[in-house]
Amino acid sequence: MSASAILNLNPQNVWKHFYAITRIPRPTGQMKEITEYVKKIGYDRNLEVKQDKTGNVVIIKPASKGFESKDTVILQAHLDMVPQKNSDVEHDFSKDPIDAYIDGNVVKARSTTLGADNGIGVAMILSIMEDDTLQHPQIEGLFTIDEEEGMDGAFGLQKGFLEGKLMLNLDTEEDGELCVGCAGGADMNITFGFKDDTELEKGDSAYKLSLTGLKGGHSGTQIDLGRANANKLMNRFLKELVRNYEARLASINGGSLRNAIPRESFAVVSIPEQLSDDLQDLVEEYQSLFRKEYAGIEESINFKVEKVDMPKTLLPIEVQDDLINAVEGCPNGVISMLAEFPDTVESSLNLAMVQSSPEKIEVKLLVRSSSESRKEWVCSSVESVFLLAGANVKIENEYPGWQPNAHSDLLHVMEKIYLEKYNERPHVNVIHAGLECGIIQSNVNEDLDIVSFGPTIRGAHSPDEYVEIAAVEKSYEYLLTILEEIG
């Protein structure tokens, strides 16, 4: 089915904008074209459009007749997307459009992330801005930039840029859920510096190790699914290879984004030629082991080895050993659970990237926690591991969690509307992901009453991402009803 068939889905104006958004390259850091698209929608409707010095855009739509006295409502979504693709696909996220298509009851993309996170939220707001038949209070459509890597847009917001006292964030990814809190986070950036070793062993041959086929996914909302981390698996293998097979590590490249569970890892090693058959056997043994350990979770783990040209340099032995041992010893995944909300992760760690370049190795991790003290403890634990390994450790881009408001009038109204419309209660929860809500609240208005919701999206931050078509229609219908009854 052609991509343009998406334009026939309901609600058509929402899907019209989403399809247009998929044609605009918008990885984090490349925001000019998408912000211009959003601003043009406002200008074309003769609405007030503002852009702050950070790059965030606000479109202001006046209240409908009879709604002038109600509180202004902020509708918020972020403009950037996570650029992830399968290794066998040629796709340049800086210039190529997303190849979105309909697959049964969902919309997905061919071998890349779809960008429904948070493109669907953006499309919903733009649709509301264009529709003069709707009943609503004054709306401030807030489109933040660069959420996926550092939440720069939310951090850049300043008091006075927004007037609203109520905010609907459209970045939750489960139909029927109302989110009232989320985890905070911190980036950990670790570096090993060294001088390349140019003394190669005579009689050694070089091999490339390729670990692929893992699911990956969102390092917050999917961290509790027990999926494999490619960096942990690769370094587990390398530890045995170096210890028992006289191997040397020349380079390593695993993971690509701090907030995505790493799906792939590649390494180049040298090994005595007479042990090459043993290396092949060991790779096959570990592939079977990984598949067995992750049976029912990962269906497509592939671990391969191929001979390559001998590299000109190797990592120094002590740096190689320190790196492998530190990555092997570093915690990863769920650290603690939140007692007040059963089955919700409190704190976690994603060992996101391990990448070498001449004279430097970079390791990047993302720590998430709804508890500030737990976040500090996890960061301290990781810092200790890598300091013992002789690395330089920096903790950066810390952002606060969003604490639940037990007295939220907005939540009360939204629960009531949901029960009346769908004859069931919505699930109110706290999510283990980095929504912008807490940052916006602390920067703009500490009394801002916020609830987050949205349609069902699966596989966010991975090429498996899709959005349920019916859930988009339901979420939009629900949003319009909220705007009619709120305030």
Using the crude model of +1 on Lys and Arg Cβ and -1 on Asp and Glu Cβ, and no other charge, please compute the dipole size for the chain relative to its Cα centre, in debye to 20.
540
DSSP bridge pairs, the chain: antiparallel proportion in percent, nearest 5
80
For PHE290, PHE453, PHE161, which order do you get if you count the other beta carbons within 10 Å of each Cβ and list the fewest first?
PHE161, PHE290, PHE453
Place +1 on the Cβ of every Lys and Arg and -1 on the Cβ of every Asp and Glu in the chain, take the dipole about the Cα centre, and give the residue among ILE41, PRO83, TYR466 whose Cα lies farthest towards its positive end.
ILE41
For the chain, averaging the sequence separation of alpha carbon pairs under 8 Å that lie six or more residues apart and dividing by its residue count, the contact order in percent is 23
Whole-Å semi-axes of the chain's equivalent ellipsoid, largest first, each the root of 5 times a Cα gyration tensor eigenvalue?
44, 23, 20
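Just how large is the dipole of the range 355-487 about the Cα centre, in debye to the nearest 20, putting +1 at every Lys and Arg Cβ and -1 at every Asp and Glu Cβ?
The dipole of the range 355-487 has a size of about 500 debye.
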I'm a student and want to see the number: the projected area of the Cα convex hull of the range 62-191, averaged over all directions, in nm².
11.9
Kirkwood hydrodynamic radius of the range 236-299 from all distinct Cα pairs, in Å?
13.3
Put in order of increasing Cβ neighbours within 10 Å, starting from the fewest, PHE155, PHE237, PHE143 give PHE155, PHE237, PHE143
The base-10 log of I(q)/I(0) that the Debye equation returns for the range 186-399 at q = 0.12, 0.17, 0.18 Å⁻¹, one scatterer per C-alpha, is -0.62, -1.16, -1.27
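Would you calculate the volume per residue, in Å³, of the smallest convex hull containing every Cα atom of the range 339-416?
136
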Full-extension gain between TRP377 and ASP409, please, as 0.36 nm times their residue separation minus the C-alpha to C-alpha distance.
8.1 nm
What whole number of Å gives the distance from the Cα centroid of the range 344-387 to the Cα centroid of the range 391-427?
25
Expected unfolding gain across ASN189-ASN10 under the 0.36 nm per residue rule, minus the alpha-carbon gap, is 60.1 nm
For the chain, what is the mean residue ellipticity at 222 nm derived from helices alone (per DSSP H run of n ≥ 4: -39500 (n - 2.57); sum divided by total residues; nearest 500 deg cm²/dmol)?
-9500 deg cm²/dmol
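Each reported figure results from applying straightforward, stated rules to the coordinates on display, with no laboratory input. Since we're looking at a predicted model, the values are computed, not measured. So basically every Cβ, Gly included, is an ideal-geometry build from the backbone, and we count neighbours across all protein chains shown.
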